[in-house]
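The values are calculated or read from the model by the stated rules, or taken from the named source; none is laboratory data. Fair warning: this is a prediction, and the values are worked out from it, not measured in the lab. Because the Cβ atoms are built from the backbone with ideal geometry, glycine has one as well, and the counts that use them run over all protein chains shown. Accessible surface areas use protein heavy atoms only, side chains included; no ligands, DNA or RNA. Shrake-Rupley method; radii C 1.70, N 1.55, O 1.52, S 1.80 Å.
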Amino acid sequence: MSIRAFSRLKIPSLFLIKHLTVSPLPSTSPTIASWIPELSRSSLSFVKWYHDGRPRGSLWRGKKLIGKEALYVILGLRRFKSDEEKLDKFVKVHVLRLLKMDMIAVLNELERQQEVSLAVKVFWVIQKQAWYQPDVYLYKDLIIALARQRKMDDAMKLWESMRKEDLFPDSQTFTEVIRGFLRDGSPADAMNIFEDMKKSPYPPEELPFRILLKGLLPHPLLRNRVKQDFEEIFPDRHIYDPPEEIFGLR
């Protein structure tokens with residue numbers, strides 16, 4: 001039994017022969033534990049630093065799924081991102097030659113590394129490919145990332161392209177874009193997104209309404225419009241209305 005147990009350990013045989021000392025078997029208690037070798041301090045220090053060959057973690061998510069060409073393109077895009085002329089030349093020479101799966105891998109990896117501007121540039125290349133099919137989730141990740149980075153102009157370019165392809169985002173995308181415009185001090189643009197949300201074929205959710213109701217507190221006329229729609233869609237829900245004197249409306 002003990003021999004089988006130690007044969008499963010990933011420790012070299014020479015190491016076992018040199019550092020292991022076997023306790024003698026007492027005649028009174030023939031138990032299995034008496035056969036287990038004892039490790040010396042030097043052997044324990046060796047085991048502590050022993051590496052079993054498994055990776056400790058990769059800098060690239062799904063590295064095995066990303067080819068060498070895709071990795072080279074990602075590094076090149078990050079290298080030339082501050083030089084628009086060199087970046088455009090690199091895209092024409094290297095990005096356009098990638099296969100479909102490599103392009104998608106480059107896009108996903110750039111999004112993961114929060115290189116959103118580079119990811120958008122790769123997306124425009126993907127959109128021109130013959131194999132491209134409209135996918136709302138490709139838009140969703142990019143639009144949300146741009147909205148969180150307060151790049152609302154770039155986010156709206158993708159939004160307009162998405163609407164031209166007759167795609168509607170989900171509630172999370174509406175919420176992040178509305179929050180982005182309110183954070184940017186553009187309540188009118190947030191209301192435009194709200195009107196677009198009411199045309200969506202998907203059932204509405206509370207969160208975008210509540211984000212608007214909170215962000216439009218300094219704009220009572222716009223807030224009342226949202227409040228009326230909220231009460232019609234969610235008649236069982238309640239809305240907190242702060243005292244009017246807080247905003248000098250009294």
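Using Stokes-Einstein with the Kirkwood hydrodynamic radius over Cα pairs, what translational diffusion coefficient do you get for segment 143-225 at 4 °C and a viscosity of 1.567 mPa s, in µm²/s rounded to a whole number?
Values: Rh = 12.7 Å.
For these conditions, the coefficient is 102 µm²/s.
Could you tally the net charge around Pro235, taking each other residue with its Cβ under 14 Å from the Cβ of Pro235, Lys/Arg +1 and Asp/Glu -1?
-3
State the extension gain, in nm to one decimal, for the chain segment bounded by Lys68 and Glu84, taking 0.36 nm per residue of separation less the distance between their alpha-carbons. Each step should come with its number before you reach the end.
Numbers: separation 16, 0.36 × 16 = 5.76 nm, distance 2.40 nm.
Between Lys68 and Glu84, full extension yields 3.4 nm more.
Could you derive backbone 3J(HN,Hα) for segment 107-114 from the dihedral phi with the Karplus parameters 6.51, -1.76 and 1.60 (θ = phi - 60°), listing whole Hz in sequence and x where the residue is Gly or Pro?
Couplings: 4, 5, 5, 5, 5, 5, 7, 6 Hz.
Quick one: order Arg163, Arg223 from most to least accessible surface, probe 1.4 Å.
Putting Arg163, Arg223 in descending order of accessible area: Arg163, Arg223.
Ranked by accessible surface with a 1.4 Å probe, highest first, in what order do Ser200, Ser117 come?
The ranking, largest first, comes out as Ser117, Ser200.
In whole percent, and with a 1.4 Å probe on the protein chains, what portion of the accessible area of segment 160-250 is carbon and sulfur?
Values: 2770 of 5580 Å².
Its accessible area is 50 percent carbon and sulfur atoms.
Roll a 1.4 Å probe over the protein chains and send me the accessible area per residue for segment 122-250 in Å².
That works out to 59 Å² per residue.
By the scheme Lys and Arg +1, Asp and Glu -1, what is the net charge of all other residues having a beta-carbon under 15 Å from that of Asp184?
+1
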